[in-house]
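**Student:** Take a look at this one; I'll ask things after.
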Amino acid sequence: MSHAKTRVMTGNEAAAHAARLARVQVVAAYPITPQSPVVETLSEWVESGELPAEFVTVESEHSALTVCITASTVGARTFTATSANGLAYMTEQVWWAAGARLPIVMGIANRAMAAPWSVLNDQQDSMSVRDAGWVQLYCRNNQEILDTLVQAYRIAESLYVPVMVCYDGFLLSHTMMPVELPDPDTVDAFLPPYHPLTVVDPDDPRNIGPVTLADPRPDAEGVARNGYMEFRALHHRALLGALETIERVDAEYGAATGRTWGGLLWEHRLDDADVVLIAAGSLGTQLTVAADELRDEGMNVGVLGIRSYRPFPAVAARDALDGRSLALVFDKALSYGHEGPICSDIRSALQSRTGAPVVYGAICGLGGRDVSPADLADATRRAVADRAAGIVDREPDWINLHLEEDAR
Amino acid sequence: MAMRDDTMHEIRWHGRGGQGAVTAAKILADAAFGSGWRGVTSAPSFGAERRGAPVTASTRLAAEEIRVLSQVTEPDVVVVLDESLLDVGKATAGIKPGGVIIVNTTRPAAELGLAGDFRVVAADVTGAALEAGVVVAGTPLVNTAILGSVAAATGLVTIESVAAAIEHVFSAKLAEKNVAAARLAFECTSR
Amino acid sequence: MRDRSHDISMSRPAAGEAGRTGDWRNARPVMVAERCLAVRQGTVTCQICWVYCPDACIAQGVGPVIDLEHCKGCGICAEMCPASAIQMRPESVHGVCAVEEGER
Amino acid sequence: MTRITELPTDEVVLPGNRACAGCGIGIGLRAVTKALEGRLVLVNPASCLTVLGGMFPTSSVAVPWVNVAFPSTAAAAAGLAAGLRATGRADEMTVLAMAGDGGTSDIGIQALSGAAERNDDFIYVCYDNEAYMNTGTQRSGLTPRGARTTTTWTGKRENPKDVPRIMEAHGIPYLASTSAVFPTDVYDKVVKARSIEGLRYIHMSTPCPSGWQFDPKDTVTIGQLAVETGLVALYEVEDGAFRLTGRSASLARSGKRKPVADYIRMQGRFKGMAEEDIAAVQAWVDQRWAGYIARHEASAGESTGA
């Protein structure tokens, strides 16, 4: 800690610094806005010798994650980053990395999905692969990006699951703010070397990730080995185990650096709050400003931030929301034809719980639509009024929406 | 009215792609951090930038960590790198009452036709850049020089912190010229 | 107890992964040793049957040895043998009413 | 040229595997792995080779084997090479990617082209059985004109892509065309490739009794006929120098190529192929063969200083 220093940098630079501090050995990435500066920075450090790693300048995102998959298979610590359509293009490999139980860490500079084209922020990209078996952590600011990426390697390599560290495109990726760089020795002590489960050795040959039947099957000695479903159950168990690991790793990181980020969830003025505002990422940061304003008006408002979206901390969220009157969930993504994904998860966490708050959803910030703390405060006032009117089921509130038909 | 953290100052930059407005916004954030502001952010106008097209960028300064990440719509300070942007860029939009607009121009402030509840500071920043030799491919670059004008006109950052922040970005030789340009502009800008 | 949540799908090599693939055969290769070039020359020569066996079911030798537990009966060895030293004999001989005694 | 009896006797392909009886892949895979003396890691996408490799928890091939997604073979090999370098193990084994014709010429060509342009350090073997055999014989970019598949019921109308030429255009250090049923030709080419750094591409024709519809006993005969008609040529391109090898080199000397009709009539997949279509294939082969001969002679001339 004595050598920690603070610099003003973008979220992308913070991500690159995290990969360097984690001593990644293989980096592969393909350019896409707004992620590109991460890999530009890393390639510069690899070329200058500042980062002793292999940098593979792949021809697609599919190949970027592929390179990480096989490099991780032979025991190298790997890093890649992408956004939006890049993530969609590598989706096949997103599943592969998780199913193969490889502790790959990937930065996601969250960006809206095309069509129509948008390079700006929302969280539809990463939310759309939430079921692929990765840990997904969302960051509030650039310091959290750096710290979470370093933590991600500890989490990934303890549980043999890949980790996606998500941060809002432009809002964090391109916005500069002060970031304290931990001392490399501190990170080294926190992050032991990676020991792969996979064995790649001509003297002890194994066939990794072969066709695996539905039912258990005997090996050459007649011992029954797992079927596909058993492996999936174990994978699920590892993700559930991540609930404890994420909290513990955050606490240990705090002991090493003096900074923690709340583990699974974080809160702001939640203690006596009657109305709880919920979001993931930088939107949560803005919610704290709105909450402070509403507190000044005498409204009992607090914020519950989602740091770990997968695994979803259902029990912790339920406990945090117990006895409140209203939970207002702000999503920067949408499950089309239904509602915001975080809103659905909060509802399911609270399901059949007596004393649970009414849950309202709000959709905001799609395709980079600006949303200010004032907008968030207004949405909260509307929700509180609806709640007071006794409304239980409410359509999601689309913040700052200006449809032509409404103008007529 | 936009909500903001107490004591937060919001600066909006107007430039053209290639003029370095985004870099200026970044250097100002760094200088502000060096001047003791604990909360600083700087952001480009989000999306693709193209050479010559009008671009904006923003810098925020505060005593505490900044939690507002949405766009700057009611700036305290507007900085215009190129006088031609006054017409096309809606440079005065939303300026907070009592705010200031700093314009790189050879004309006096009164002749710029800018009226409102804000102070207009005119400075020949291009002249400072030329004098200091900050010229790339025959074109004077004003983005570092104008930081001197911002320091002078707003008092939000010291000229020494601007110099230090410039030195973080450029090699020693280039930094020397750019710092000289900023100092010249600092001297020539009304307080 | 070991933490099994880290188990991954990773196979170890062994012969007979598909079981006794010798069961797949309709016809079996039968070596007529006196015709085999290697046997006749008393040295490891020719070995064409060995090199062309897709399943590595033939061991090199002075008189190559066929693994009938796993030989699928493709017949390449018999087809390619320059001395016609391998013959494919039907596994079962079908008749109208009765089963005749075959080679087995 | 190595003789059959000089080939290493160690086997990594184990009997009792899941491949079809008479599958040409086994013959080719044995030759390839012998050339690498088992010191390799095999990268394999979904394909017939996956079937041969077997299902969890048993493997039919005693080498390290990494299964990868269909489009990703070359990138996966690049990642292995990078990972082995990064962990100081690059000298322990050769990275060998082995994919089918569909996995190479269709879905995998983007990754392969990228790896070739970067000259990543691995050997890539395309075993070409001329259709998606593992999924039930659908046409691929390498299915020959006239062949019936389950997506070309009346016979494919187009000639196959010339993938070796596409790969050669990338300027890779070593490229070869061979056939699984010429195991010593395969062996010699992989031995040579082993000592070269960068991306080495080997295209290996691999007869398929199930998809081509012939008696499994004829796998080698059909494969040899493909070479004897000139439909498949055995050659290598090393640092730009083109050279016919083995049977193709002797055919070039003798000029006694067999008509493609002999080859076509032996296979059920070409059943009912019209005479004019066979003639068109013959013309196509003649033109390609003339090109091979011209290049072979030009390189030979250069090497003798003529």
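Taken together, the values in this text are just the output of simple stated rules run on the coordinates, not laboratory data. No experiment lies behind these values; they were computed from the predicted model shown. Counting neighbours? That spans all protein chains shown, and the Cβs are built from the backbone with ideal geometry, glycine included.
**Student:** Check D:V13: other-chain or 5+ apart residues with amide H under 5 Å from its amide H, H built from backbone geometry?
**Tutor:** Here the answer is D:A62, since their amide H atoms fall under 5 Å of that of D:V13.
**Student:** A follow-up question, please. At 7 Å along the Cα-to-beta-carbon direction for both A:D204 and A:D378, put a label point, then send me their distance in nm to one decimal.
**Tutor:** 6.4 nm
**Student:** Looking only at other chains, what is the average number of their beta-carbon atoms within 10 angstrom of each beta-carbon in D:92-98?
**Tutor:** Values: counts 5, 5, 1, 2, 0, 0, 0.
Taking all residues of D:92-98 together, the mean is 2.
**Student:** Using θ = phi - 60° and the Karplus curve 6.51 cos²θ - 1.76 cosθ + 1.60, what whole-Hz ³J(HN,Hα) does each residue of segment B:32-38 get, with Gly and Pro shown as x?
**Tutor:** Once rounded to whole Hz, the list reads 5, 4, x, 7, x, 6, 7.
**Student:** I'd like to know which of B:G34, A:Y167, C:G61 lies farthest towards the positive end of the charge dipole of the protein assembly as shown, counting +1 on Cβ of Lys and Arg and -1 on Cβ of Asp and Glu.
**Tutor:** So the residue furthest toward the plus end is C:G61.
**Student:** For chain C, what Kirkwood radius comes out of the mean inverse Cα-Cα distance, in Å?
**Tutor:** Values: mean 1/r = 0.0629 Å⁻¹.
Averaging 1/r across every pair of different Cα atoms and inverting gives 15.9 Å.
**Student:** According to the Kirkwood expression over distinct Cα-Cα pairs, how big is the hydrodynamic radius of chain A, in Å?
**Tutor:** After inverting the mean inverse Cα-Cα distance, the result is 22.0 Å.
**Student:** Follow-up question, since we're still on this one. Which of the chymotrypsin sites (Phe, Trp or Tyr not before Pro) found in segment A:83-169 are in a DSSP loop and have at most 14 neighbouring Cβ atoms, other than their own, within 10 Å? Could you put the intermediate results ahead of the total?
**Tutor:** On the way: sites: A:Y89, A:W95, A:W96, A:W117, A:W134, A:Y138, A:Y153, A:Y160, A:Y167; in loops: A:W117, A:W134, A:Y160.
Loop-located and lightly packed - A:W117.
**Student:** Sticking with this structure for a sec: Please order C:W24, A:W45 by the number of other Cβ within 10 Å, starting at the fewest. Display every interim value, and only then the final one.
**Tutor:** On the way: C:W24 15, A:W45 18.
Fewest-to-most Cβ neighbours within 10 Å comes out as C:W24, A:W45.
**Student:** Related question: Picking from A:P52, A:P216, A:P396, which is most flexible by a Gaussian network model of chain A using Cα springs under 10 Å?
**Tutor:** With Cα springs under 10 Å in chain A, the top fluctuation among A:P52, A:P216, A:P396 is at A:P216.
**Student:** Between segment A:112-146 and segment A:327-352, how far is it from one alpha carbon centroid to the other, in angstrom?
**Tutor:** When both Cα centres are located, 16 Å separates them.
**Student:** Treat every Asp and Glu Cβ in the protein assembly as shown as -1 and every Lys and Arg Cβ as +1, leave all other atoms uncharged, and give the resulting dipole magnitude about the Cα centre to the nearest 20 debye. Display every interim value, and only then the final one.
**Tutor:** Working: 91 positive and 119 negative charges, 450 e Å.
Dipole of the protein assembly as shown, to the nearest 20 debye: 2160 debye.
**Student:** May I ask for the distance between the Cα centers of segment B:27-85 and segment D:159-187, given as a whole number of Å?
**Tutor:** Answer, in whole Å: 57.
**Student:** Where does the charge balance sit around B:G36 when Lys and Arg score +1, Asp and Glu -1, over other residues with C-beta under 13 Å from its C-beta?
**Tutor:** For residues surrounding B:G36, the net value is -2.
**Student:** Still on this structure, please answer the following. Mind listing the phi-derived Karplus ³J(HN,Hα) values for segment A:291-299, rounded to whole Hz, using 6.51, -1.76 and 1.60 with θ = phi - 60°, and x for any glycine or proline?
**Tutor:** Result, ordered by residue: 4, 4, 5, 5, 4, 4, 7, x, 8 Hz.
**Student:** Continuing with the same structure: What list of whole percents do you get for P(r) of segment A:348-408, with Cα-Cα distances grouped in 10 Å bins up to the one holding the largest distance?
**Tutor:** Over segment A:348-408, the share of Cα pairs per 10 Å bin runs 19, 42, 32, 7, 1 percent.
**Student:** What order do you get for B:K96, D:K189, D:K156 when you list them from fewest to most C-beta neighbours inside 10 Å?
**Tutor:** B:K96, D:K156, D:K189
**Student:** Based on the Cβ-Cβ distance of B:A109 and D:Q138, what FRET efficiency does E = 1/(1 + (r/R0)^6) give at R0 = 56 Å, to the nearest 0.05?
**Tutor:** The pair B:A109/D:Q138 has a calculated efficiency of 0.15.
**Student:** Give, as ranges by residue number, the residues of segment A:214-252 whose backbone N falls under 13 Å from the point 7 Å along Cα→Cβ of A:V315.
**Tutor:** A:240-245
**Student:** Show the residues, 5+ positions off or on another chain, whose built amide H is closer than 5 Å to the amide H of D:A176.
**Tutor:** D:Y201, D:I202, D:H203, D:V237
**Student:** Students often get this wrong: which residues of segment A:220-264 have the backbone nitrogen under 20 Å from the point 7 angstrom along Cα-to-C-beta of A:D188?
**Tutor:** A:253-258
**Student:** Still on this structure, I have one more. Give the residue from B:V68, B:V103, B:L130 lying farthest towards the positive end of the charge dipole for segment B:9-188; charges sit on Cβ (+1 for Lys and Arg, -1 for Asp and Glu) and the dipole is referred to the Cα centre.
**Tutor:** So the residue we want is B:V68.
**Student:** Lysines near B:K90 by alpha-carbon distance under 27 Å, same-chain residues fewer than 8 away left out - which ones?
**Tutor:** Reachable lysines: B:K26.
**Student:** Next question. State, to one decimal in nm², a quarter of the convex hull surface area for the C-alpha atoms of segment C:32-84, i.e. the direction-averaged projected area.
**Tutor:** Mean projected area of the Cα convex hull: 3.1 nm².
**Student:** Oh, and also: Per residue, how much space in cubic angstrom lies within the convex hull of the C-alpha atoms of chain D?
**Tutor:** 129 Å³
**Student:** Another question about this same structure. About the Cα centre, and with charges only on the beta carbon of Lys, Arg (+1) and Asp, Glu (-1), how big is the dipole of chain D? Nearest 20 debye, please. It would help to have the intermediate numbers written out before the result.
**Tutor:** Working: 31 positive and 32 negative charges, 109 e Å.
It works out to roughly 520 debye.
**Student:** Still on this model: Multiplying the sequence separation of A:W117 and A:W398 by 0.36 nm and subtracting their Cα-Cα distance, what value in nm do you get?
**Tutor:** Gain on stretching A:W117 to A:W398: 99.1 nm.
**Student:** Over the alpha-carbon set of the protein assembly as shown, work out the extent along each principal axis and list the three values in angstrom, largest first.
**Tutor:** The principal-axis extents, from largest down, are 111, 79, 62 Å.
**Student:** So which chymotrypsin sites (Phe, Trp or Tyr not before Pro) in segment D:112-206 pass both tests, a DSSP loop state and at most 14 other Cβ atoms within 10 Å of the Cβ?
**Tutor:** Sites meeting the loop and neighbour criteria: D:W153.
**Student:** Something else: Who wins for biggest fluctuation among D:T150, D:T137, D:T229 in a Gaussian network model of chain D, springs between alpha carbons below 10 Å?
**Tutor:** Comparing D:T150, D:T137, D:T229 in the GNM, the peak value goes to D:T150.
**Student:** Lysines within cross-link reach of C:K72: Cα-Cα under 18 Å, excluding same-chain residues under 8 positions apart?
**Tutor:** In chain and number order, the partners are D:K217.
**Student:** Between segment A:362-408 and segment B:98-149, what's the alpha-carbon centroid distance in Å?
**Tutor:** After rounding, the separation between the Cα centres reads 42 Å.
**Student:** I'm a student and want to see the number: the projected area of the Cα convex hull of segment B:9-188, averaged over all directions, in nm².
**Tutor:** Result: a mean projected hull area of 9.5 nm².
**Student:** A follow-up question, please. Top mean-square fluctuation among B:D30, B:D87, B:D76, Gaussian network model of chain B, C-alpha springs under 10 Å?
**Tutor:** In the Gaussian network model the winner is B:D87.
**Student:** Determine the equivalent ellipsoid of segment A:1-134 by diagonalising the alpha-carbon gyration tensor, then write out the semi-axes as square roots of 5 times the eigenvalues, largest first, rounded to whole Å.
**Tutor:** Over the Cα atoms of segment A:1-134, the semi-axes work out to 23, 19, 13 Å.
**Student:** Here is a follow-up. Between A:E252 and C:R4, what FRET efficiency follows from the Cβ-Cβ distance if R0 is 22 Å, with the result rounded to 0.05? Let's see the in-between values first.
**Tutor:** On the way: r = 25 Å, r/R0 = 1.14.
FRET efficiency, A:E252 to C:R4: 0.30.
**Student:** Treating the beta-carbon of each Lys and Arg as +1 and of each Asp and Glu as -1, no other charges, what is the dipole magnitude of chain A about its Cα centre, to the nearest 20 debye?
**Tutor:** 500 debye
**Student:** Could you give the nm distance between label points at A:L240 and A:E297, where each point is 7 Å from its Cα heading toward the beta carbon?
**Tutor:** So the label points at A:L240 and A:E297 sit 4.2 nm apart.
**Student:** Can you give the alpha-carbon Rg of segment A:144-243 over 2.2 N^0.38 Å, where N counts its residues?
**Tutor:** Against the empirical 2.2 N^0.38 Å value, I get 1.52 for segment A:144-243.
**Student:** Give me the one-decimal Kirkwood hydrodynamic radius in Å for segment D:105-167, with the sum taken over alpha-carbon pairs.
**Tutor:** With all distinct Cα pairs of segment D:105-167 included, I get 12.8 Å.
**Student:** Now a separate question. ³J(HN,Hα) across segment A:215-222 via Karplus (A = 6.51, B = -1.76, C = 1.60, θ = phi - 60°), whole Hz, x for Gly/Pro?
**Tutor:** 9, x, 9, x, 8, 4, 8, x
**Student:** Which GluC sites (Glu not before Pro) from segment D:194-268 combine a DSSP loop assignment with at most 13 other Cβ atoms within 10 Å?
**Tutor:** Loop-located and lightly packed - D:E197.
**Student:** Please rank A:H268, C:H94, fewest neighbouring Cβ atoms within 10 Å first, as an exposure proxy. Before the final figure, lay out each step's value.
**Tutor:** Numbers: A:H268 20, C:H94 7.
By the 10 Å Cβ count, ascending, the order reads C:H94, A:H268.
**Student:** On to the next question. Between 0 and 90 degrees, rounded to the nearest ten: what's the tilt of helix A:142-159 against the longest Cα principal axis of chain A?
**Tutor:** Helix A:142-159 and the main axis of chain A meet at about 50 degrees.
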